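**Q** Please read through the structure below; I'll follow up with questions.
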Amino acid sequence: MTTQIFGHKSPDTDSTGSPILWAWYLNEIKGETAKPVLLGEPNTEAAFMLERWGLDKPEIIGDVAEDAPVVIVDTNNPAELPDSINSADIRAIIDHHKLVGGLETKGPIDITVRPLACTATIMMDLIGDDAAKMPEAVKGAALTCILSDTLEFRSPTTTDHDRAVAEALSADLGLDISAYAAEMFAAKSDVSSFSDAELLRMDSKEYAVEGTKFRVSVLETTAPGVVLDRKASLMNSMTTVASEDGVDQVLLFVVDILNEEATLLVPNDLVKTVAEKSFDVAPAGDTVVLPGVMSRKKQIIPNLKV
């Protein structure tokens, strides 16, 4: 049977590119039959990556069949995976997030979880010398993943090893990192064609704090004004999205990549309290700026309080 490789719902660049990277490795190096799939539409930056490197968009699936062989990448959280994930035959997990718990496997599996900024960095390590056989397009995907997850090394999740792997890939591809990252971030920042609901779900994760369920949404952009000009409409849409998704509140952080800060939309007293308790700020209006906040994984999720 073909092994399906996928990341989390609302696929970002790493959850789109890493399955492609690992499918290449399993097919071409390990001699196994594997294919990358997605659990939703890729975001604008991930779509840019696919087009820029001439990669086919992986098939989008809604669920997995019982006993279907799968490899999970860029998450280990059942809430971010297909509903039937525990009935599938999970063969491996490759991730860089904290362990959440709740996954069940048919037997012992390979699990690699490392404190690096990007799943693709971990994969490059696991592939090792065989990376020399990798096509340019797959190397390009790996580089795009690393630059995306590190925000071109601005994110506090960045390690020296992430940077070294990215620099080696860019040298191999003959790319200038800053120029290429600017292309990526321009693609990520073009959200004009998306509805409010799509923006709120585009790069989001569900997370509960003391029984309060949040959809924690992050929009990373070099043009925050474009998003913030829609703040009234976005805040109105939060109620609908929260109701449809079974959460109590949507939290939207607009991350300004170049100025290295985030703006949190504050639609009500609950979010005001979250801002006060989590980030030690006193919102005076419907937004609050959080200097230096760039990472949901390292700076937002761990600090959330209600």
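**Q** Name the long-range amide H neighbours of T3: under 5 Å, sequence gap of 5 or more, or other chain; modelled H, no Pro or chain starts.
**A** T33, A34, K35
**Q** Select from V191, A137, G174 the residue farthest towards the positive end of the dipole of the chain; place +1 on Cβ of Lys and Arg, -1 on Cβ of Asp and Glu, and compute about the Cα centre.
**A** V191
**Q** Based only on other Cβ atoms within 10 Å, what is the fewest-to-most ordering of D83, D95?
**A** D83, D95
**Q** Pull up all non-local amide H partners of L38: gap of 5 or more, or a different chain, and H-to-H distance under 5 Å with H placed in the peptide plane.
**A** E59, I60, I61
**Q** Using the Karplus curve 6.51 cos²θ - 1.76 cosθ + 1.60 with θ = phi - 60°, work out ³J(HN,Hα) for each residue of segment 157-163 in order, rounded to whole Hz, and write x for Gly and Pro.
**A** In residue order, the calculated couplings are 7, 5, 10, 4, 6, 4, 4 Hz.
**Q** Rank the residues K188, K9 as a footprinting-exposure proxy: fewest other Cβ atoms within 10 Å of their Cβ go first.
**A** Placing the least packed residue first, the sequence is K9, K188.
**Q** For segment 1-82, what's the relative contact order in percent, using C-alpha pairs closer than 8 Å and at least 6 residues apart?
**A** This gives 42 percent for segment 1-82.
**Q** Give me the percent relative contact order of the chain, please, defined on Cα pairs under 8 angstrom at least 6 residues apart.
**A** It comes to 14 percent, rounded to a whole number.
**Q** May I ask you to derive the relative contact order of segment 110-249, considering only C-alpha pairs under 8 Å and at least 6 residues apart, and to give it as an integer percent?
**A** So the answer I get is 18 percent.
**Q** If you don't mind, another one. Would you work out which of A47, N259, P19 lies farthest towards the positive end of the dipole of the chain, given +1 charges on the beta-carbon of Lys and Arg and -1 on that of Asp and Glu, about the Cα centre?
**A** N259
**Q** Take every DSSP beta bridge whose two residues both sit in the chain, then give the antiparallel share in percent to the nearest 5.
**A** Here the share of antiparallel DSSP bridges comes out near 40 percent.
**Q** Apply the Karplus parameterisation 6.51 cos²θ - 1.76 cosθ + 1.60, with θ equal to phi minus 60°, to every residue of segment 100-111 and state each ³J(HN,Hα) to the nearest whole Hz, in sequence, with x for glycine and proline.
**A** 9, x, x, 7, 10, 10, 6, x, x, 9, 7, 10
**Q** How much mean residue ellipticity at 222 nm does the chain get from its helices, if each DSSP H run of length 4 or more adds -39500 (n - 2.57) and you divide by all residues, to the nearest 500 deg cm²/dmol?
**A** It lands at -11000 deg cm²/dmol.
**Q** Which of the three applies to segment 257-306, rounded, prolate or oblate, going by the alpha-carbon gyration tensor with a ≥ b ≥ c and a/c under 1.5 meaning rounded?
**A** Oblate is the answer for segment 257-306, as a/c is 1.5 or above yet b/c matches or exceeds a/b.
**Q** Hey, another quick one. Amide H neighbours of E220 under 5 Å, at least 5 residues apart or on other chains, H built in the peptide plane: list them.
**A** Those qualifying (amide H under 5 Å, at least 5 residues apart or on another chain) are V255.
**Q** What are the ³J(HN,Hα) values, in whole Hz, obtained from phi via the Karplus relation 6.51 cos²θ - 1.76 cosθ + 1.60 with θ = phi - 60°, for each residue of segment 184-197 in sequence order, with x given for Gly and Pro?
**A** Using θ = phi - 60°, the values come out as 4, 6, 5, 5, 5, 7, 7, 10, 4, 8, 9, 6, 4, 4 Hz.
**Q** To the nearest Å, what is the center-to-center distance of segment 1-37 and segment 66-139, using C-alpha atoms only?
**A** With segment 1-37 and segment 66-139 each reduced to a Cα centre, they are spaced 9 Å.
**Q** Starting with the fewest neighbours, write out L290, L169 ranked by other beta-carbon atoms found within 10 Å of each beta-carbon.
**A** Going from least to most buried by this count: L290, L169.
**Q** Multiply the residue gap between S195 and D269 by 0.36 nm, knock off their C-alpha separation, and tell me the result in nm, one decimal place.
**A** 24.1 nm
**Q** Let me ask you something else. Would you mind getting the Kirkwood hydrodynamic radius of the chain from its Cα pairs, rounded to one decimal in Å?
**A** 19.7
Laboratory data are not the source of any read-out in this text; all were calculated from the coordinates shown. Just so you know, these numbers come straight off a predicted model, no measurement behind them. No Cβ is skipped: glycine too gets one built from the backbone with ideal geometry, and neighbour counts run over all protein chains shown.
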